[in-house]
């Protein structure tokens with residue numbers, strides 16, 4: 001075996017490859033130029049709940065308790081994605097609420113991932129060369145050109161725009177960074193072992209016990225890193241090692257890195273047997289429908305990777321119909337059979353074209369979590385941020401070596417460069433749409449008119465523009481357009497219809513228009529039965545805030561009836577029930593009466609007893625009702641359980657009122673004080 005001169009840290013780039021390594025900085029610079037216009041774009045979708053509405057993220061002073069609160073503030077999944085959430089908190093501390101700083105950080109992570117991808121691809125080709133496998137890129141310099149093409153295609157591909165400009169997908173990008181670093185360390189370490197050089201086992205150990213936890217704590221998909229390492233070992237190294245001792249070390253490493261996560265998952269599911277099925281309570285589809293639909297979703301991803309038409313790409317794909325059976329729609333069965341054929345083809349290629357087999361199996365391995373039984377949304381493009389690399393590992397080395405006639409220069413490389421240009425153009429168009437909220441929503445409703453989410457988002461943006469306008473004629477036109485968008489969204493998707501109908505009631509009331517009885521009646525029916533999306537509860541609380549703060553002008557007589565309809569829905573989750581009741585308490589304190597507000601606040605505490613804000617809300621209401629003893633008891637409860645001092649400032653404010661202001665008298669005074677206290681949900 002020919003020794004490889006890949007020892008120059010940190011990129012392990014051999015000497016004599018100046019051409020590709022000179023073009024790599026140019027590729028990175030072009031990536032920055034293409035993405036730069038989108039860095040000033042807005043927060044969107046889940047950015048709100050995780051950043052702009054997440055008080056724990058909004059760090060003004062760096063303290064251990066505050067950073068711990070931020071790290072554990074993610075609302076879903078058991079481990080809370082602490083590294084990603086911590087990075088968002090540090091972003092807020094450094095640059096405040098402006099999205100530019102967050103998106104710039106995402107872009108830096110994207111560029112770092114490009115550097116890791118380039119180096120990893122060189123190493124993977126080096127592994128095959130060291131094993132004397134017949135592959136494109138057997139010449140070291142040619143391998144660097146292949147790696148450059150893979151990196152350029154991935155960096156500039158328009159499907160990755162959501163991984164950069166959709167801020168909360170920092171989680172996917174950061175997890176990908178640690179996965180790429182882990183694969184790089186493992187491959188480098190295995191090459192050191194193959195060459196009989198020191199340091200290999202330490203690099204492998206770092207990949208397994210350092211990179212894997214870091215990837216996992218950024219996003220749960222990081223737990224797949226051992227599976228990626230297994231594919232590298234199986235397909236590129238063949239479990240070969242110098243001597244039985246080293247071979248045993250490699251086998252033991254895989255036993256730990258594959259076995260421990262599996263044991264942890266089994267233990268968690270054993271202690272939480274309904275965790276997966278409970279998640280489907282807030283989804284408009286069943287487990288069976290999800291499993292039948294996902295093969296079609298994977299083909300959608302492949303199509304978007306290979307033929308990324310700008311009109312087909314979207315932040316939302318909620319207009320994709322569900323599969324109710326193998327032939328409903330008829331494409332379900334062919335999609336399933338087609339995936340089976342791809343898997344069998346990858347296995348058949350593993351000896352002759354191991355890198356192609358590795359790339360295809362890497363793509364499928366990357367979707368083992370997000371395209372399987374877990375109750376996630378059906379489709380999102382950012383799920384291909386890391387798995388999509390596998391497609392380019394499979395295709396580009398073969399294309400780069402393709403010749404029309406023996407003895408001619410490769411023409412496949414020219415085709416790949418054309419792809420790079422086309423993908424760059426697609427990214428430019430897409431980034432242009434992300435420069436502001438209106439352009440993003442307009443592109444969404446134009447390209448995906450059947451998406452309820454895009455219709456709803458356009459309605460929200462038109463209403464924001466309405467509120468900023470001073471022209472009465474324009475305001476009337478914008479009000480009608482926003483209302484039409486909300487009604488259109490409600491007609492497209494029954495699951496998201498309640499949120500859009502609540503939007504209709506809110507803008508009608510704010511515009512001084514009497515409540516639409518037909519809208520309220522349909523809304524009541526939808527709230528009382530069926531799955532309840534967190535989106536619906538958020539829209540309802542927004543409406544209650546509008547009513548309690550007297551922003552909404554015209555009365556909505558159905559509000560209390562709608563509250564009771566949703567509270568009577570058995571599929572309303574406890575956390576969302578508590579959130580709704582807290583909003584109802586604030587509404588009642590300002591619009592109905594203090595006793596009813598206390599009733600709602602008490603019910604909120606019972607529904608979500610671990611949410612300290614609910615206890616603080618109830619204590620404040622008890623204070624306004626003249627029940628200082630109950631208010632003091634509630635305040636002390638919050639202080640005892642606020643280990644990270646997250647509510648310390650609010651507790652001190654209420655304590656000062658208890659000490660000096662005495663009890664409030666009269667419901668008008670209590671309502672005014674409640675508004676000033678800012679009791680929130």
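Does residue 306 meet the test of being farther than 29 Å from residue 78 by Cβ, loosely packed, with under 14 Cβ neighbours inside 10 Å and over 20 Å from the mean Cα position of the chain (by Cα)? Spell out the reasoning first.
On the way: farther than 29 Å from residue 78 by Cβ: yes; loosely packed, with under 14 Cβ neighbours inside 10 Å: yes; over 20 Å from the mean Cα position of the chain (by Cα): yes.
Spelling it out, residue 306 is indeed farther than 29 Å from residue 78 by Cβ, loosely packed, with under 14 Cβ neighbours inside 10 Å and over 20 Å from the mean Cα position of the chain (by Cα).
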| remark: Per the list (1) crowded, with 17+ Cβ neighbours inside 10 Å; (2) within 28 Å of the chain's Cα centre (by Cα), residue check on residue 346 breaks on (2)
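Find the residue count for the stretch 418-441, including only residues that are out of contact with any helix residue (DSSP H, G or I) (no Cβ under 7 Å at 6 or more places or on another chain), part of a helix (DSSP H, G or I) and touching a residue at least 12 places away in the same chain (Cβ under 8 Å). Lay out the reasoning, then the answer.
The first filter runs over the stretch 418-441 and keeps only residues out of contact with any helix residue (DSSP H, G or I) (no Cβ under 7 Å at 6 or more places or on another chain), leaving 418, 421-422, 425, 429, 436.
Next cut, part of a helix (DSSP H, G or I) only: 418, 421-422, 425, 429.
Filter once more, keeping what is touching a residue at least 12 places away in the same chain (Cβ under 8 Å): 429.
Within the stretch 418-441, residues that are out of contact with any helix residue (DSSP H, G or I) (no Cβ under 7 Å at 6 or more places or on another chain), part of a helix (DSSP H, G or I) and touching a residue at least 12 places away in the same chain (Cβ under 8 Å) number 1.
Conditions tested, residue by residue: (1) without any contact (Cβ under 8 Å) to a residue 40 or more places away in the chain; (2) out of contact with any helix residue (DSSP H, G or I) (no Cβ under 7 Å at 6 or more places or on another chain); (3) farther than 30 Å from residue 280 by Cβ.
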site: 556; (1), (2), (3): no, no, yes
site: 584; (1), (2), (3): no, no, no
site: 591; (1), (2), (3): no, no, yes
site: 594; (1), (2), (3): no, no, yes
site: 600; (1), (2), (3): yes, no, no
site: 603; (1), (2), (3): yes, no, no
site: 619; (1), (2), (3): yes, no, yes
site: 623; (1), (2), (3): no, no, yes
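If I filter the stretch 76-111 down to residues being in a loop (DSSP other than H, G, I, E, B) and free of Cβ contacts under 8 Å to residues at least 60 places away in the same chain, which single residue comes out as nearest to residue 431 (Cα to Cα)?
Of the residues in the stretch 76-111, the ones in a loop (DSSP other than H, G, I, E, B) are 76-81, 96-98.
Checking the rest, the ones that are also free of Cβ contacts under 8 Å to residues at least 60 places away in the same chain come to 76, 80, 96-98.
Numbers: 76: 29, 80: 30, 96: 23, 97: 21, 98: 18 Å.
Looking at residues that are in a loop (DSSP other than H, G, I, E, B) and free of Cβ contacts under 8 Å to residues at least 60 places away in the same chain, I get 98.
Take the residues of the stretch 16-30 that are over 23 Å from residue 106 (Cα atoms) and either modelled with pLDDT of 90 or more or not in a helix (DSSP H, G or I) (or both): which is farthest from the chain's Cα centre (by Cα)?
Let us first name the residues in the stretch 16-30 that are over 23 Å from residue 106 (Cα atoms), namely 16-22.
Cutting the leftovers down to either modelled with pLDDT of 90 or more or not in a helix (DSSP H, G or I) (or both) gives us 16-17.
On the way: 16: 41, 17: 38 Å.
Once the filter is applied, the top-ranked residue is 16.
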| request: Among the candidates 34, 116, 39, 67, single out the residue that is part of a helix (DSSP H, G or I), closer than 30 Å to residue 228 by Cα, in the same structural domain as residue 314 (by TED's automatic domain parsing) and touching a helix residue (DSSP H, G or I) at 6+ places or on another chain (Cβ under 8 Å). | output: 116
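Which one of 293, 277 is over 29 Å from residue 160 (Cα atoms) and within 23 Å of the chain's Cα centre (by Cα)? It would help to see each step written out before you state the result.
Values: 293 fails: over 29 Å from residue 160 (Cα atoms).
The match here is 277.
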| field | Residue that is modelled with the lowest pLDDT [pool: residues in the stretch 516-532 that are farther than 9 Å from residue 566 by Cα and loosely packed, with under 15 Cβ neighbours inside 10 Å] | value | 517
| note | If you go through 379, 398, the only one that is within 24 Å of residue 155 (Cα to Cα), within 16 Å of the chain's Cα centre (by Cα) and either in the same structural domain as residue 144 (by TED's automatic domain parsing) or assigned to a helix (DSSP H, G or I) (or both) is 379
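Take residue 37 and tell me if it is over 14 Å from the mean Cα position of the chain (by Cα), surrounded by fewer than 17 Cβ atoms within 10 Å (Cβ to Cβ), in contact (Cβ under 8 Å) with a residue 40 or more places away in the chain and closer than 24 Å to residue 377 by Cα.
On the way: over 14 Å from the mean Cα position of the chain (by Cα): yes; surrounded by fewer than 17 Cβ atoms within 10 Å (Cβ to Cβ): yes; in contact (Cβ under 8 Å) with a residue 40 or more places away in the chain: yes; closer than 24 Å to residue 377 by Cα: no.
The answer is no for residue 37.
This table checks each residue for (1) exposed (fewer than 11 other Cβ atoms within 10 Å of the Cβ); (2) touching a residue at least 60 places away in the same chain (Cβ under 8 Å).
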{"site": "229", "(1), (2)": "no, no"}
{"site": "235", "(1), (2)": "no, yes"}
{"site": "248", "(1), (2)": "no, no"}
{"site": "254", "(1), (2)": "no, no"}
{"site": "271", "(1), (2)": "yes, no"}
{"site": "275", "(1), (2)": "no, no"}
{"site": "279", "(1), (2)": "no, yes"}
{"site": "283", "(1), (2)": "no, yes"}
| task | Mind checking which helices (runs of 4 or more DSSP H) fall wholly inside the stretch 192-279 and carry at least 1 residues that are out of contact with any strand residue (DSSP E or B) (no Cβ under 7 Å at 6 or more places or on another chain) and more than 28 Å from residue 169 (Cα to Cα)? | result | 200-206, 244-271
| message | Please pick out the residue among 271, 187, 212, 257 that is in contact with a helix residue (DSSP H, G or I) (Cβ under 6 Å, 6 or more places away or on another chain), farther than 30 Å from residue 335 by Cβ and at pLDDT below 85. | response | 257
| Just a yes or no: is a residue in the stretch 458-465 closer than 30 Å to residue 574 by Cβ, surrounded by fewer than 24 Cβ atoms within 10 Å (Cβ to Cβ) and touching a residue at least 12 places away in the same chain (Cβ under 8 Å)? | yes
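The values are calculated or read from the model by the stated rules, or taken from the named source; none is laboratory data. Remember, it's a predicted structure, so these values are computed and weren't measured experimentally. Heads up, the Cβs are rebuilt from the backbone with ideal geometry, glycines too, and the neighbour counts pull from every protein chain shown.
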